[in-house]
1. Just to confirm the numbers: residue B:88, label point 7 angstrom along the Cα-Cβ line, distances to the other copies in nm, shortest first?
2. What percent do you get for the relative contact order of chain B when only Cα pairs under 8 Å and 6+ apart count?
3. From the alpha carbon gyration tensor of the range B:356-499, can you work out the equivalent ellipsoid semi-axes (sqrt of 5 times each eigenvalue) and give them in Å, largest to smallest?
4. Dipole size in debye (nearest 20) for the range A:483-551 around its Cα centre, Lys and Arg Cβ +1, Asp and Glu Cβ -1?
5. What FRET efficiency, computed as 1/(1 + (r/R0)^6) with R0 = 56 Å and r the Cβ-Cβ distance, is obtained for residue B:456 and residue A:488, rounded to the nearest 0.05?
6. Please give the Cα centre distance for the range B:415-484 versus the range A:106-163, rounded to the nearest Å.
7. Under a plain spin-label model, where a point goes 7 Å from the Cα along Cα-to-Cβ, how far apart in nm are residue B:74 and residue B:380?
8. Kindly express, to the nearest 10 degrees and within the range 0 to 90, the angle between helix A:526-539's C-alpha long axis and the longest C-alpha principal axis of chain A.
2 protein chains.
Amino acid sequence: MATSTRVARSLRSVKLSSRTQCIQRVRPVTQVRWISGATTEPQQPGEKRSTKTAPAKTVKFTSETYPQIQRHSKFSQLTKEHVEYFKNLLGSESAVIDGVTKDASEDIEPYNSDWMRKYRGHAKLVLKPQSTEEVSKILKYCNDNMLAVVPQGGNTGLVGGSVPVFDEIVINLQRMNQIRSFDEVSGILVADAGVILEVADNFLAEKNHIFPLDLGAKGSCQIGGNVAANAGGLRLLRYGSLHGNVLGIEAVLPDGTIVDDLSKLRKNNTGYDLKQLFIGGEGTIGIVTAISILCPQRSPAINVAYFGLESYEQVQNLFRQAKSKLSEILSAFELMDGRTQKLLVQASGKKLPLEGEYPFYALIETSGSNTDHDSEKLNSLLEDVMENGIVSDGTLAQDQTQIQELWSCREGIPEHLGHWGGVYKYDLSIPIASMYDLVNDVRDRLTKAGLVGDDDSYPVVDVVGYGHMGDSNLHLNVPVRSYDKRVEKELEPFVYEWVQSKNGSISAEHGLGLQKRPYIGYSRSEIMVKLMKQIKDLYDPKGIMNPYKYL
Amino acid sequence: MATSTRVARSLRSVKLSSRTQCIQRVRPVTQVRWISGATTEPQQPGEKRSTKTAPAKTVKFTSETYPQIQRHSKFSQLTKEHVEYFKNLLGSESAVIDGVTKDASEDIEPYNSDWMRKYRGHAKLVLKPQSTEEVSKILKYCNDNMLAVVPQGGNTGLVGGSVPVFDEIVINLQRMNQIRSFDEVSGILVADAGVILEVADNFLAEKNHIFPLDLGAKGSCQIGGNVAANAGGLRLLRYGSLHGNVLGIEAVLPDGTIVDDLSKLRKNNTGYDLKQLFIGGEGTIGIVTAISILCPQRSPAINVAYFGLESYEQVQNLFRQAKSKLSEILSAFELMDGRTQKLLVQASGKKLPLEGEYPFYALIETSGSNTDHDSEKLNSLLEDVMENGIVSDGTLAQDQTQIQELWSCREGIPEHLGHWGGVYKYDLSIPIASMYDLVNDVRDRLTKAGLVGDDDSYPVVDVVGYGHMGDSNLHLNVPVRSYDKRVEKELEPFVYEWVQSKNGSISAEHGLGLQKRPYIGYSRSEIMVKLMKQIKDLYDPKGIMNPYKYL
């Protein structure tokens, strides 16, 4: 497991303790890591910031896709006086994109549409405040004048939550991008909401720390948006959720009130923990302008292994063994079914790390402080799962390039599943034991309906499943050649009813946004929804914050 | 570091890798583990449940200690009709202690007073519901009839939050004590609020898991109360806060609404995370009746070391080294100053594990999955901190008895500091670098005021500090021979102003309760307090829940 050996080792035919028989099968990583399993955005190789790469005007307007959603007549129409106020307030020319008094549709388009090309709004004004005070004045003015707004970070969401539906003003946080402080003893970082996740993580890397959240869109997504969406991502299994790691929040309410809850303390039992309402609040009660977050130390030893398995039962066995034997160093346990990996190969031309084909694959990552100890623990696991026939084949990354290559088998999935035309994506939480049953049931259902096939006469390419097994988080994906009402009719409400029957969640980590707003009842009772609406009414009585979404 | 060697090893004169030179200096543990550093209660040896052990009638009534607090005239007086309703509702004789229609003061006394003998109410009715539905009906009736209530778990709080002030009805959760479910794959436990923490942990131990919260009062405190108080305790450094670990809550609002947010999912992004308001809400907006919580696997390898150090600077160095070298296995880092340990010795007659006397002591615990690996990591730390002169002496527990013995040097403190008559206790969060300065400043201040001395003419015995260093959580304690207004005048608002000047918290983990209600302004802005009051008014518009406390 020396990191200097630049090969992957097959576990099938090689004695585990030997480093002599090696098969060179891992190729260099060419694609940038990215993933749908969280609020995310596709990245162009070499491109870090990509609001500009949002899709062109071919995207259908949300108002056309969802004709049942009507613009609230209570909201004012934007006037040149409004625009004048904002120009005076923000000063800089670059802080206001004005499509009200002139044609600026080209410039505004990237802020109007989401990267999935599914949602597109009619916004004519984009504001880019540079301070909390500016955000406060903007919101107060909007609230006083009944102007609807949509808060926007990296615009990497998956449920249409970060783009307007009609003419809501886009308040983009990209210019609030300063790291405010970092304490090396406590590991507590305080930073503006608009700091890009990767920038924050790179900053922390220099201090030997790590941001306790990682996801494929890290090059584009902003930490304020991550918090607003309660992003889950790849390291939740190890470092826990943002509800535990975020120590403080600065936010602005619609009436301009600045919520100064930016505690830098790990413990502070002085009153209700109001900041939690903004974590996962999706910008519906206020705009997060800064966060304080507890960052763990960076682990010097990282190991990644990739396995082929014969059944979902064996994946569960591997997970149990991994939890037991890797314990405190286990940092990721990802599931990919064989169909997912097959489609990845077809779409990307990539070669998988293992020779044979298997119905299931799993990726395990460990992060620890001692390379030898971690390798020993991992070897102990490998010996056990090979001897007991839990895994059929496997390979272990030997260096950073191979680590990235193995990860790309998981992280390349969302990007490449769109290869055939489109993807119906579901982000679900289901008890582990029955998690994969849903994929089979949906496949059976669509097959029986005559919708799945190998040629272009069938809309559905396949029904596949992958996700964060360690968090009981399944991404059910249905790649299609074209979006088709017949497929949709088979999928919904079937999928949501299925999840409800297992007391699962219809949105594990992507949030509600526009897409899942109608379906919250499958995961929450009427009482809970009523109580949530009370909170919305309390903080945003005029309803100007991110309307048409969430609740 | 074999656990079979029943001795502690001095680090001063012994080569670290050698097991030959050992000094037998650790005696068997005679006292039950307990601690003030969290919501807690003293335990009698061998006694697990101790509402009955609450102090006698000698405790001064809270209404006398705080004459400025007046009973709200809006609350109804209890009548025999009210009592009749509750008796019919709860059925069982044992579910109602009726001091309204007869004299039951002896039976009610334990529910009226706190274990510190600081707070005592005038309650005449204690209700012990056995189901969520019963809690719902009780609260609805109280709300409809303007009857104030105080929710009560194990009554182990430190700020007077769990006992009545006037004649509030005590709703004690002790009969709701069922474990509802446990999933061995996910580690998710669902249990009634009245389950005693130690019972839950013992149940989990059989399943090779651990409750992610541990504190000295575990034999008495209830998990619902832990959640309502957002207890911190001894393992927060490792497992994080309840805001991260609690996955779901079932609670009852004053109007009887049952909040059914008892999710068993690690991820569920479907709306505002309302349950967080009940975590640390101290029973002021509703009563927690059940929780769902993520429980980590139990670590088979536990190591505990105890060090003597020459300065607080060196304690900080040790902490940095421990974080770096123990990393993922570090599960506790506790600070005790020399004065604290000296008083412990004087009060308990106990012998400390180290021969010499030091200005500071630290206790480190590791929890991991591999004994050899953990020992190696710990040895590497020990070699480093000995070589670099960071620690002056140290000892390492060799078996479970010694582990308990070392822990007793930390956990015996709160109990024994009361030896001289009383203790002024402050539970504070302060940035680590300046944390101990407060103890010195307070000692200087009280000394200059002529209040500290060795004989009975001085009220103050000493000013000492200890606490959860890993969480920046200091327990400033002022043991006194008698409570004295002169001492109080020197302490307050000085301590709170000092903490405010460092942006610290005046209540790190104990909560606000009655004691700290007036001081929230030192840690929270007016805006934050106003926003919190909005939440209180939203959920408890009539103000019947735990009045006179919190906000």
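Coordinate-derived values only; no laboratory data. Treat the numbers as computed from the prediction; the structure is a model and nothing was measured. All Cβ positions, even for glycine, are placed from backbone atoms using ideal geometry, and neighbour counts span all protein chains on display.
1. Spacings between copies for this position, smallest first, are 6.8 nm.
2. Details: 1223 pairs, mean separation 97.7, N = 551.
Contact order relative to length: 18 percent.
3. That gives 34, 17, 14 Å for the three semi-axes.
4. Roughly 200 debye, rounded to the nearest 20.
5. Taking R0 as 56 Å, the efficiency between residue B:456 and residue A:488 is 0.10.
6. 52
7. 6.1
8. 50
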